[in-house]
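Comments concern the structure below.
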There are 2 protein chains.
Amino acid sequence: MVPLGALVLTLVLAEAELELVPESIKGHPQVQSAARNRDRRAARTLLDASLHHEAMRQLPESDRRGRPDLVHFSLLLALDSALNKADKLRVVVHTRNDERIAIHPDTRLMRHYPRFVGLMETLLREGATPRHNPLLVFEPGWTLQRVLEHHATGPIVCFTEKGSPIEPGTWMEAKVAQSPDLTVVLGCFPHGDFHHAPETFANEVVGLGGDALSVWTVEMEVLAHYERAVKVFPRPAMESSAQPT
Amino acid sequence: MVPLGALVLTLVLAEAELELVPESIKGHPQVQSAARNRDRRAARTLLDASLHHEAMRQLPESDRRGRPDLVHFSLLLALDSALNKADKLRVVVHTRNDERIAIHPDTRLMRHYPRFVGLMETLLREGATPRHNPLLVFEPGWTLQRVLEHHATGPIVCFTEKGSPIEPGTWMEAKVAQSPDLTVVLGCFPHGDFHHAPETFANEVVGLGGDALSVWTVEMEVLAHYERAVKVFPRPAMESSAQPT
């Protein structure tokens, strides 16, 4: 039996496609118009592929940038999980521009996408939110290497499309038997490769075989099978039931 | 060994809080203003708790209605899953107003929430989208009972907060060993009970113990452990890799 108190899964959402509208396209009519619709200055709005498609053609790697939606759902899935509620999960976001978003496990993230975008815009501008006792902290100057040096617990495993195909349930069972502390790195971008070869920052590089999967699809496998391996279920009964919204 | 060709998981997202703005509040200033911002008529917009909070106070059960976001993420998680890509998953949505949304497994749902809302508004008005060879079909007159009579495969299990607590991995293994075809009913509402007692429509009523969990949290457990039980991983190699976006 693994002692339940000690172990933790560290989930790193890496090279996340979350950034403010880059200087070079903030004057583009599409960007200006989208910002005006929200009564904001263009440079203070998040880059969003769904709104800025035309303008983004001028950017390098335009086909993968501007995807706050990937960060949103990945964070919701992690923070709402039984693993997080059992206080056995740490989530950290590393962005394409080598910034870090540290997330307190008690964070109750808004479900409504436009509100999440507003929250991220505030966070990227002010560096922390809420101002007192912040749950989310944003800092520049964090390479993925530095994030891992600071946050990693146990061995570091990177999931990518090109990693050695595994069966995630049996793989996770064996992994947790070796070391219940574990760090999993997932690429929080829509497709393509990590900018740095995963072998340079991870002890092991694995995949789920077949075609590319969404980040939350891989995340779901990691969370559910880690939960089983560390015996999160059945959960202790509550005296009064809290309500997710 | 279970023969892989035959089995399927049917996932029913039940009593989903997805509806157009009800007649009684379409004249409310908050509803009118939100519709105007999107250049739409109020009666043609989805009820959205995040936008219509004040106006919704006049509605019965206002604290749980207007949650298209729950349907959005739940569908993305299901449709993007390796289980769906292996053609072993069927998803159907049943709404609070006893409507059915039938969803083709090949549907590539938009990730961007405002676009998803637009899609649902079109679907609820026109009954099918796209017009030719529709992937999504919306029909009134489908009670949950009728949805289950029409769609259920194998035993019907309902997950609710009050169901007998299980460990989802071991439970699913045993379940699939008995019958690889399985129907799982999840409440696609933020909190509270089903309007009809789950015992009246399900063969088994189970839960994950503890406090209430988000629909996608429960869904993640169901999908990941069903995938393991029916051996979806490792997936067959692809000749060229498709790109999720």
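Our note on the geometry: Cα centres of region B:166-245 and region B:72-124, 16 Å apart. Estimated from helices alone, the mean residue ellipticity of chain A at 222 nm is -9000 deg cm²/dmol (sum of -39500 (n - 2.57) over DSSP H runs with n ≥ 4, per residue). So which aspartates and glutamates pass the test for A:Lys26, namely a Cα distance under 14 Å, with those fewer than 8 places away in the same chain ruled out? Straight-distance partners of A:Lys26: A:Asp48, A:Glu54.
With charges only on Cβ, +1 for K and R and -1 for D and E, what is the dipole size of region A:27-163 about its Cα centre, in debye, rounded to 20? Present the calculation step by step, with values, prior to reporting the outcome.
Working: 21 positive and 16 negative charges, 58 e Å.
Dipole about the Cα centre, nearest 20: 280 debye.
Taking region B:125-165 and a reference point 7 angstrom along Cα→Cβ of B:Asp87, the backbone N atoms nearer than 18 Å belong to B:135. Based on Cα contacts under 8 Å between residues 6+ apart, chain A shows a relative contact order of 25 percent.
Can you compute the FRET efficiency between A:Met110 and B:Lys231 using 1/(1 + (r/R0)^6), with r the Cβ-Cβ distance and R0 = 41 Å? Round to the nearest 0.05. Efficiency computed from Cβ-Cβ geometry: 0.60.
Once the C-beta distance of A:Leu119 and B:Asp181 is scaled by a Förster radius of 30 Å, the resulting FRET efficiency is 0.10 to the nearest 0.05. Here the label points at B:Leu135 and A:Ser24, each 7 Å from Cα along the C-beta direction, are separated by 3.2 nm in the simple model. Considering only A:His72, A:Asn37, A:Leu83, the residue lying farthest towards the positive end of the dipole of region A:1-150 is A:Asn37, judged by Cα position with unit charges set on Cβ.
Counting other Cβ atoms within 10 Å of each Cβ, which GluC sites (Glu not before Pro) in region B:161-245 have at most 16 and sit in a DSSP loop? List each step's numbers first, then the result.
Numbers: sites: B:Glu161, B:Glu173, B:Glu199, B:Glu204, B:Glu219, B:Glu221, B:Glu227, B:Glu239; in loops: B:Glu239.
Those satisfying the criteria are B:Glu239.
With a threshold of 25 Å on the Cα-Cα distance, the over-threshold entries among B:Lys85/B:Lys231; A:Lys175/A:Lys231; A:Lys162/B:Lys175; A:Lys85/A:Lys231 are A:Lys162/B:Lys175.
All of the numbers you see were taken from the coordinates with simple rules; none came from a lab. Source: prediction; values computed, not measured. Cβ sites come from the backbone with ideal geometry, for glycine too, and all protein chains shown count toward neighbours.
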